[in-house]
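Reviewing the structure listed below.
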Amino acid sequence: MKPFTKLRLKVFLYAGFFFGITTIGIDLVRGNDFILWKVLFFVFIQGGLFSFLFVSLYKTELNRIGIQDITDDVIKVHQSRNIKTEFNRTDLMERLKADPAIGKMKMKEIENGIQLKTGVTSKSWGEDINIILKSENSNGFEYLVSSRPSFKLTVLDMGRNIEHINRIENLIRNHS
């Protein structure tokens, strides 16, 4: 099954289930009878609308950030990548602070690396980004860069996490 087909099905089921349960709850609070067709209507119509709308927006966002080859790994909300560089943690921190987008994030040094946090935006509830030192040798440093939504129940991240990983990788690789 294609990645976007799986994602549409996932969003359809989550949204449909949510609206179905919400409809049942509202009817019970109001004292209305349980009507199966009404619940199924909300499950299929709302689930279908949300699936079509949000997955289409998500695909558009991925295209905007330059991702054309869509795989299962690309559409995951938790993204991670190993990146090798000659920057130590202090130099890396300075490069991150100098970047116009990353420099605005909340940044702190942690035991084995750097932790970044983004705030809430129109596309996201925020992301937690960790840059962890995996190894250090005469050839340089290897970091594990991971980005995940702050809100753990996020199904669609609108490409934010892979965008963060790509930006950090480009920042590290394209140094002067």
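Observations on the structure shown:
- Output for region 11-43, where each listed residue is of a type in the set (Phe, Trp, Tyr) and within 30 Å of residue 161 (Cβ to Cβ): 12, 14, 17, 18, 19
- Unmet requirement for residue 39, which otherwise passes all of (1) surrounded by 13 or more Cβ atoms within 10 Å (Cβ to Cβ); (2) modelled with pLDDT of 90 or more; (3) in contact with a helix residue (DSSP H, G or I) (Cβ under 6 Å, 6 or more places away or on another chain): (2)
- Checking each residue in region 94-108 for being in contact with a strand residue (DSSP E or B) (Cβ under 6 Å, 6 or more places away or on another chain) and under 12 Å from residue 167 (Cβ atoms) picks out only 105.
- Any hit, region 149-162, residues being surrounded by fewer than 16 Cβ atoms within 10 Å (Cβ to Cβ) and more than 14 Å from the chain's Cα centre (by Cα): no
- Some residue of region 107-123 being of a type outside the set (A, V, I, L, M), at pLDDT 95 or above and more than 12 Å from the chain's Cα centre (by Cα): yes
- Residue 85 vs. criteria surrounded by 14 or more Cβ atoms within 10 Å (Cβ to Cβ), outside the structural domain of residue 17 (by TED's automatic domain parsing) and either touching a Leu at 6+ places or on another chain (Cβ under 9 Å) or over 17 Å from residue 164 (Cβ atoms) (or both): yes
- Pair list, Cβ under 6 Å, 6 or more apart: region 157-176 residue closer than 14 Å to residue 94 by Cα and modelled with pLDDT of 90 or more, other residue among the aliphatic types (A, V, I, L, M) and surrounded by 21 or more Cβ atoms within 10 Å (Cβ to Cβ): 168/145
- Any hit, region 55-72, residues being over 24 Å from residue 124 (Cβ atoms) and of a type in the set (Lys, Arg): no
The values are calculated or read from the model by the stated rules, or taken from the named source; none is laboratory data. Owing to the predicted nature of the structure, the values given are computational and were not obtained by experimental measurement. Using ideal geometry, Cβ is built from the backbone for each residue, glycine included, and neighbour counts are taken over all protein chains shown.
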